[in-house]
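Read the figures in this text as sums done on the coordinates, not as results from a lab. Quantities reported herein were computed from a predicted structural model and do not represent experimental measurements. Methodologically, a virtual Cβ is constructed for each residue, glycine included, from the backbone with ideal geometry; neighbour enumeration extends over all protein chains shown.
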Amino acid sequence: MAGALEPHLEALRRELRAPDPAVLSVLLALIAVIVTLLIWRLVQGRRSSRKAVLLLGLCDAGKTLLFARLLTGRYRDTQTSITDSSAVYRVSSDKSANVTLIDLPGHESLRLQFLERFKAAARAIVFVVDSVAFQREVKDVAEFLYQVLVDSTVLKNAPALLIACNKQDVTMAKSAKLIQQQLEKELNTLRVTRSAAPTSLDGSAIGGPAQLGKKGKDFDFSQLPMKVEFVECSARGSKGEEGDADFEGLEKWLAKIA
Amino acid sequence: SPFAQERGGNNSFTHEALTLKYKLDNQFELVFVVGFQKILTLTYVDKLIDDVHKEFRDKYRNEFQQKGTLGLLNGTFDFKDDFMRLLRDAEESSKVRAPMVMKTFEQSLKSQKTVKCMIETRGEKPKEKVKNKKNKGSKKEGAEAGTAPGKASAGDKQPSGDREELTKDEILQKNREEFFRRHMKAGEKSSKSPKPEAQKEKGKKPRVWDLENSNAKVLDYSNSATNGSTEACPVEEFDPDAALGDRNREPGRLYDLEYESDEEAEEEKVVQNPSKPSVKKGGLGGMFGMLKGLVGSKSLTREDMDPVLEKMKDHLIAKNVAAEIAVQLCESVAKKLEGKVMGTFTTVTSTVKQALQEALVQILQPQRRVDVLRDVMDAQRHRRPYVVTFCGVNGVGKSTNLAKISFWLIENGFSVLIAACDTFRAGAVEQLRTHTRRLNALHPPESHGGRTMVQLYEKGYGKDAAGIAMEAIAYARNQGFDVVLVDTAGRMQDNAPLMTALAKLIAVNTPDLVLFVGEALVGNEAVDQLVKFNKALADHSMAQTPRLIDGIVLTKFDTIDDKVGAAISMTYITSKPIVFVGTGQTYCDLRSLNAKAVVAALMKA
């Protein structure tokens, strides 16, 4: 047995000592390819790391108009979005930073689907809330926000969260503080009801193993692993369609996270 | 919302007093919508929408392809003039076909019939014969130039125009105008049939029933002057509406839906580059045609998708989706994908499957919140009981699932009153009593602060269900119960008196949640059941907005392995969510729906 192997080993050793250019070149080529692949994958991973800012919210919250205003500064009539739109936004304070703004539809049937697609690429999330209709819609807003917050990818990446209270130009709009308090209360209740919901068909619980915030204490936005801020803005602007939108807070925040 | 709910199969959509006809351009992700008043039948709408589509696309093709989102946002789409021109052309082409003078007897169709034709019964046969004659005549004279200038020009324009663009309406219009043209030359015609003329000298003005769709204009017997003006008026009346619907929308709104396609546009940009070399390759030989099919820039046509869609439709039907729903779904997916440019290395099958999967997930996503506990808490705060009514056909599992739901509610600390409104079936009340006893044994009053968590409210058999329900709710309010679960008798959807009784119960008691209990084993029946139940509830309700079914409970889910199509059928018909899923006969067998798992089971080969 050893005798049979010996001549083979001898042949191998001879090969290595007297380098046959063909074999060597093949080996080198293979190594080069592997190294390139590794480097490329690393670079890809770093580059595609989350440069997107998602615009989420209920239907008619003003996401698409906000999107248009941020990008062009002009007012546009918008329709209910049925698909996403994305564009690169240059921060206005002359830094060379730019982020990709992605505007997702708010329609109930579509929102989760698009969220699934883009949540991995999200560096930050802007959750747009309609301040005027908030009293009526508080439960729906809270439910969507809850779904976003307990998502496992979102919890893992912990993107910065900005809750933009839109439509402040209308006099009946609620203030950001009020919205924050109401949302905290609502999310507090939702924690309980969602985790008590019947388990899903394939065994995974709807509320997810994640528990928002700390148990035993009332829910607070400071308990979340990500930074949460509230800002007031108005996509339409106080001077109507001709003037500019009032969203300096939003722009400053975007500049900060870019 | 027809797009959002995957109902984009038909071309038209009615909303209040308007009919909206739409056309999708999937290559650039555009939607063209034309709105007009429902009572008016405008025959040029289809042609108009096609023309607008083509012009717009050609004019702004560059902008779509190169500039992407920012370009679309910034660009001005000055389409107004073009649109007005197209609208005017379309209107004129339809106006021309209006009838002018009342026909004299010689010009009418009756004079053309032979005596033999007239003697036969006025069924389909004489009409067919006359039609054949008419078609033969029109073929003969197709080449001749008509004397009436306007009609002739329109008529000649059309046959020479795009053959594919002729819709069914247009073909009929074409036939009709050729028929008119023929009668302008009354002299030639009357020489062919002297006999009937001699016989039918009654002077009675005939009614032209042989033309299938004589619209109001043909039947209008006022003279030409008033014809012209009355005709002008309706055109002007709805012109602002139709045009307003379009004028305001086209420049501003259309492009907004376009710029949402930046992702697609980027993909297209990427695809354009490989497409250029592949186009050159295509010129090199048929062998590369196959490669071109693989490597991007291939836009999907109906023919490509049809075999795949057929297969998917059969697959869905095999998985117990109702047949009509499967057809509509496939139509909607086809409309969505037509003309779309595929990415690199994607086959038609995979694209279609992907689109279908997304469509199914979209359907199963609830349109409204599905959180019963939250709503119960709300009602608790207002100190009134939360009333849930269960309805459905016989034997689907209403009482069993009612018990399961009450168990779940008790586990979460709410007290439940069960109202036994099934006063018909033998043993219904006893069944609920047994459940109550068991549940109380599982959750004795001691562990809940001394109050009985479950109680049964019953009044025996043979009484009026609506009355029992009302008393039960009043009792619950007095005693401070949190939830009232109303169990009704099973009834077939065709049984009119029973459906009336159910509608009365719901209308009178206004429950917070009306749950339709359906079993997962049902196939095409699901569609019929739900439609009829909803109709009954809507018909017998006095209110402005009738209470319809709010949610679905899907039972006996453990009996089907992966033939889960009933879930799709039910949610598609009602667009209401599936609130609970029953998976067995013990108290713990209550689940909530996981859309992705169901769709995965559906799409699994």
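What is the dipole size for region B:344-479, taken about its Cα centre, with +1 at each Lys and Arg Cβ and -1 at each Asp and Glu Cβ, in debye to the nearest 20?
Around 140 debye, computed over region B:344-479.
Within region B:487-581, how many lysine pairs that are 8 or more places apart, or on different chains, have C-alpha atoms less than 23 Å apart? Before the final figure, lay out the partial values.
Working: B:Lys504/B:Lys532; B:Lys504/B:Lys535; B:Lys504/B:Lys576; B:Lys532/B:Lys556; B:Lys532/B:Lys576; B:Lys535/B:Lys576; B:Lys556/B:Lys576; B:Lys563/B:Lys576.
For region B:487-581, the number of qualifying lysine pairs is 8.
Distance cut-off 19 Å, Cα to Cα: go down the list A:Lys227/B:Lys596; B:Lys319/B:Lys604; B:Lys313/B:Lys353; B:Lys340/B:Lys596 and report the pairs above it.
Numbers: A:Lys227/B:Lys596 30 Å; B:Lys319/B:Lys604 10 Å; B:Lys313/B:Lys353 11 Å; B:Lys340/B:Lys596 25 Å.
Over 19 Å Cα-Cα: A:Lys227/B:Lys596; B:Lys340/B:Lys596.
Ranking B:Glu471, B:Glu303 by Cβ neighbours within 10 Å, fewest first, what do you get?
B:Glu303, B:Glu471
How many lysine pairs in region A:95-191, separated by 8 or more positions in sequence or lying on different chains, have Cα atoms less than 20 Å apart?
8
So if I average 1/r over every pair of distinct C-alpha atoms in region B:372-597 and take the inverse, what Kirkwood radius in Å does that give?
Working: mean 1/r = 0.0567 Å⁻¹.
So the Kirkwood estimate lands at 17.6 Å.
Just counting partner chain Cβ atoms within 10 Å, what average do the residues of peptide B:592-598 show around their Cβ?
5
With a 10 Å Cβ neighbour count serving as the proxy for reagent exposure, in which order, fewest first, do B:Cys421, B:Cys391 appear?
Starting with the residue having the fewest Cβ neighbours, the order is B:Cys391, B:Cys421.
Taking the highest mean first, how do the peptides B:531-544, B:553-566 order by number of other beta carbon atoms within 10 angstrom per residue?
With the highest mean Cβ count within 10 Å placed first, the list reads B:553-566, B:531-544.
Taking N as the number of residues in region B:301-364, what is its Cα Rg relative to 2.2 N^0.38 Å? Display every interim value, and only then the final one.
Details: Rg = 11.3 Å, N = 64, 2.2 N^0.38 = 10.7 Å.
For region B:301-364, the normalised Cα radius of gyration comes out at 1.06.
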